[in-house]
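First the structure, in the form of structure tokens, and then the observations on it.
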Amino acid sequence: MADSVVNDSHDDFYNDNTDDDLHPHRGNNSREDDHDHDDGDDGIALEEDETDDFRMIRKNCTVLTEADIRQRVTDTVAEVSSVLSLSKTEAGILLLHFHWSVSNVFDAWFADEKLAREKAGLFVKTLVESPDHGGNMLCEICFEYYPCDGLKSTRCGHPYCNDCWSSYIKTAILDGPQILLLKCPNPPCRAAVGEDMVGLFASEKEKKKYSGYFVMSYVESNKMIKWCPGPGCENAVDFVAGSESFDVSCLCSHSFCWNCTQEAHRPVDCETVSKWMLKNSSESENMNYILAFTKPCPKCKRPIEKNMGCSHMTCRAPCYFEFCWLCLKEWKRHNLCNRFRENPEEEKREKAKKYMMKYAHHFERWATNKKSMMKAADDLQNVQSKQIEIVRHVQEQSAAEISFITKAWQQIIECRRVLAWTYAYGFYLPDECQAKRNLFEYLQGQAESGLERLHDCAEKELLPFLKLKRSTMEFIEFREKLTLLTSVTRNYFDNLVTALQNGLSDVNSGGSSSVPKKRKLIGTEAIAAAVIGAPDFKTNTNDNSATGAAMEPWACTYCSFENEGSSTFCTMCERGSWTCDVCTFTNSRTSITCAMCSEALEP
């Protein structure tokens, strides 16, 4: 009698914690997870001291390692198995059929158990009855007769020999994840071939591959879980529905947009990123360059670029046509071309040239900041692996006391990424609304200036502490400065991102500011003050001397022009503020401390 394999002898099959790649199309060069490194208590302290900014990024998702995914699979299978009183193999087949939706499994099962079984290929009764008297039976694949106990069948009862089953299952595993939907070899039969049959006829390597496919199906069937696209990373990210930001960060340090799986790109949307990346790789930019910086030979029409000083041009072989670069007329018959005549082609060329210059401006800064971000990521690795330990040893500080260095570098990486994408945002910002462009460039400039200060401090001012023992006061001053710059820069970029994601709404459709009049700064600076959300600039009304001094004539700190005491901005240079040397925030002229970082104005 053919053996119908319905046992559940491989309960731990799905929880096979092997080193197999869960998604084979990504290769086997898996990267060791950060949390697997045993750096002792100090490493744990550093990890727990992770920056608030990075915690904010991860609060909208949960990072799942391979072990986490396998545990979820095991728990889900166990839940269905327990509730429906099924073997784990049968529970797994049901979950595969209903795309790992436990609620759908329960709904279908309790609505019509028989129909749910038929759809999933779980038959209660065998379709083919084996003879009671024993003897030999025909294998309908190789057409050989075998004793009944030498044949195997799945739940349908169709008997096949061990060799045919082995070849059938091994071939299906080689074909890829479709093995999970494998049915009985009998063409009309829809009986499912589950893990129990794979466990009987597959080798250990093939079992691990099947287990990988099974676990992979859990991730790819869940709409809220995606694989991390980081090189060699095998983690998955479970996104929290309803989160404001799609930017997520994996344990491998790779940050990406959960929606489009491109690298993290706030504050620009996925559509803008798609257009920008297409533009960067498009041949159309070559055509724009040809249009902007070359002219067609009047005779053969090949594009020619001017590489010498005079306007006498000679086309290359075999044309050799000589003409004037300015008017494109034949040089021999050329006289003067200084009179103005409208030329649509020239206007088109100038327009293309202006467009190319705009693109080159934004692309260069986008690429430069991307490069700086990657360099900062390498520097962070160096800081964590080498410099932190050196500073601890030389300056005799604890891990908690020097964690501000790691925070600063993490902030630099994030801000470099954001700053790079603001240039893509700026490229697509319409030229018609000049007020919005002015506000955007002001906010971008303020944020960039703050980032440069932070990057310079983290990169250069740390070096002396790596070489010689410095006084405790010097180290405290460095820590306070770097911590302050980190906080101020984070505030700048958070406000910049918010303003851009809101479409620079502080500038209304008429191009004017919607800022309350009591913020009487100058133009763009007034709007920026409202966007940044600085507190109202007020003098201390209880200080009579300060009130009296405010009404006296005052000299502008920029141009030295003496203004009336009632003036809120300089009549000569139209400036009405001072820039903080620490955080570069623009403050009211009557403020004696910076509204952003509380740094006092130096006399």
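Couple of notes before you dig in:
- As a summary of the residue check, Asn186 satisfies the conditions (1) at pLDDT below 90; (2) more than 21 Å from Ser153 (Cβ to Cβ) except for the one numbered (2).
- Subset of segment 231-245 [out of contact with any Asp or Glu (no Cβ under 9 Å at 6 or more places or on another chain), surrounded by 16 or more Cβ atoms within 10 Å (Cβ to Cβ) and assigned to a loop (DSSP other than H, G, I, E, B)]: Ser245
- Here Thr314 meets the list (1) at pLDDT 80 or above; (2) open to solvent by less than 50 Å² (accessible area, probe 1.4 Å); (3) not aliphatic (A, V, I, L, M) almost entirely, failing just condition (2).
- Scanning segment 442-478 for residues that are touching a residue at least 12 places away in the same chain (Cβ under 8 Å) and among the aliphatic types (A, V, I, L, M), we see that the one that is most open to solvent (accessible area, probe 1.4 Å) is Leu468.
- Residues that are farther than 17 Å from Phe404 by Cβ and acidic (Asp, Glu) were ranked within segment 429-465; the one that is nearest to the chain's Cα centre (by Cα) is Glu448.
- Among the residues of segment 168-178, those that are open to solvent by 70 Å² or more (accessible area, probe 1.4 Å) and in a helix (DSSP H, G or I) comprise Thr171, Leu174, Gln178.
- Selection within segment 253-265 - closer than 14 Å to Trp421 by Cβ and open to solvent by 70 Å² or more (accessible area, probe 1.4 Å): Gln262
- Meets criteria (open to solvent by 40 Å² or more (accessible area, probe 1.4 Å) and touching a helix residue (DSSP H, G or I) at 6+ places or on another chain (Cβ under 7 Å)) for Lys209: yes
- All positions within segment 317-331 that are assigned to a loop (DSSP other than H, G, I, E, B) and at pLDDT 80 or above: Ala317, Pro318, Cys319, Tyr320, Phe321, Trp325, Cys327, Leu328, Lys329, Trp331
- Number of positions in segment 131-175 that are in contact (Cβ under 8 Å) with a residue 60 or more places away in the chain and closer than 28 Å to Lys209 by Cα: 7
- A single member of Tyr168, Tyr146, Tyr160 is at pLDDT below 85 and among the aromatic types (Phe, Trp, Tyr), and it is Tyr146.
- Complete set of residues in segment 192-219 that are modelled with pLDDT of 90 or more and within 17 Å of Leu95 (Cα to Cα): Ala192, Val193, Tyr210, Ser211, Gly212, Tyr213, Phe214, Val215, Met216, Ser217, Tyr218, Val219
- Residue match in segment 127-139 (condition: in a loop (DSSP other than H, G, I, E, B) and touching a Ser or Thr at 6+ places or on another chain (Cβ under 9 Å)): yes
- Residue check for Glu220: over 25 Å from Tyr425 (Cβ atoms), assigned to a loop (DSSP other than H, G, I, E, B) and among the acidic types (Asp, Glu): no
- One residue stands out in segment 119-135 among those that are surrounded by 14 or more Cβ atoms within 10 Å (Cβ to Cβ) and of a type in the set (Val, Ile, Thr): the one that is modelled with the highest pLDDT, namely Thr126.
- Tabulated pairs, segment 83-106, first open to solvent by 20 Å² or more (accessible area, probe 1.4 Å) and of a type outside the set (Lys, Arg), second outside any helix (DSSP H, G or I) and modelled with pLDDT under 95, C-beta under 6 angstrom, 6+ apart or interchain: Ser87/Asp8; Glu90/Leu122; Asn104/Phe98
- Index of the failed condition, Lys119 passing every other in (1) closer than 28 Å to Lys205 by Cβ; (2) outside any loop (DSSP other than H, G, I, E, B); (3) touching a His at 6+ places or on another chain (Cβ under 8 Å): (1)
- Residues that are within 29 Å of Ser487 (Cβ to Cβ) and hydrophobic (A, V, I, L, M, F, W, C) within segment 420-454 comprise Ala420, Trp421, Ala424, Leu429, Leu439, Phe440, Leu443, Ala447, Leu451, Leu454, listed in sequence order.
- Among the numbered conditions (1) in contact with a His (Cβ under 8 Å, 6 or more places away or on another chain); (2) of a type in the set (Ser, Thr, Tyr); (3) closer than 30 Å to Arg490 by Cβ, the only one that Ser221 does not meet is (3).
- Checked against the criterion of being modelled with pLDDT of 90 or more, basic (Lys, Arg) and surrounded by fewer than 17 Cβ atoms within 10 Å (Cβ to Cβ), the candidates Lys520, Lys481 yield just one match: Lys481.
- Answer residue from segment 266-300, given it is at pLDDT below 80 and not in a helix (DSSP H, G or I) and is surrounded by the fewest Cβ atoms within 10 Å (Cβ to Cβ) among those: Glu283
- Among the criteria (1) farther than 25 Å from Asp75 by Cβ; (2) of a type in the set (A, V, I, L, M); (3) open to solvent by less than 20 Å² (accessible area, probe 1.4 Å), the one Leu200 does not fulfil is (3).
- Summed over segment 355-409, the residues that are of a type in the set (Val, Ile, Thr) and open to solvent by 50 Å² or more (accessible area, probe 1.4 Å) give a count of 2.
The values are calculated or read from the model by the stated rules, or taken from the named source; none is laboratory data. All values reported here derive from a predicted model rather than from experimental measurement. Here Cβ is always computed from backbone atoms with ideal geometry, including for glycine, and neighbour counts include all displayed protein chains. Just so you know, the surface numbers come from the protein's heavy atoms only, side chains and all, with ligands and any DNA or RNA stripped out. Shrake-Rupley method; radii C 1.70, N 1.55, O 1.52, S 1.80 Å.
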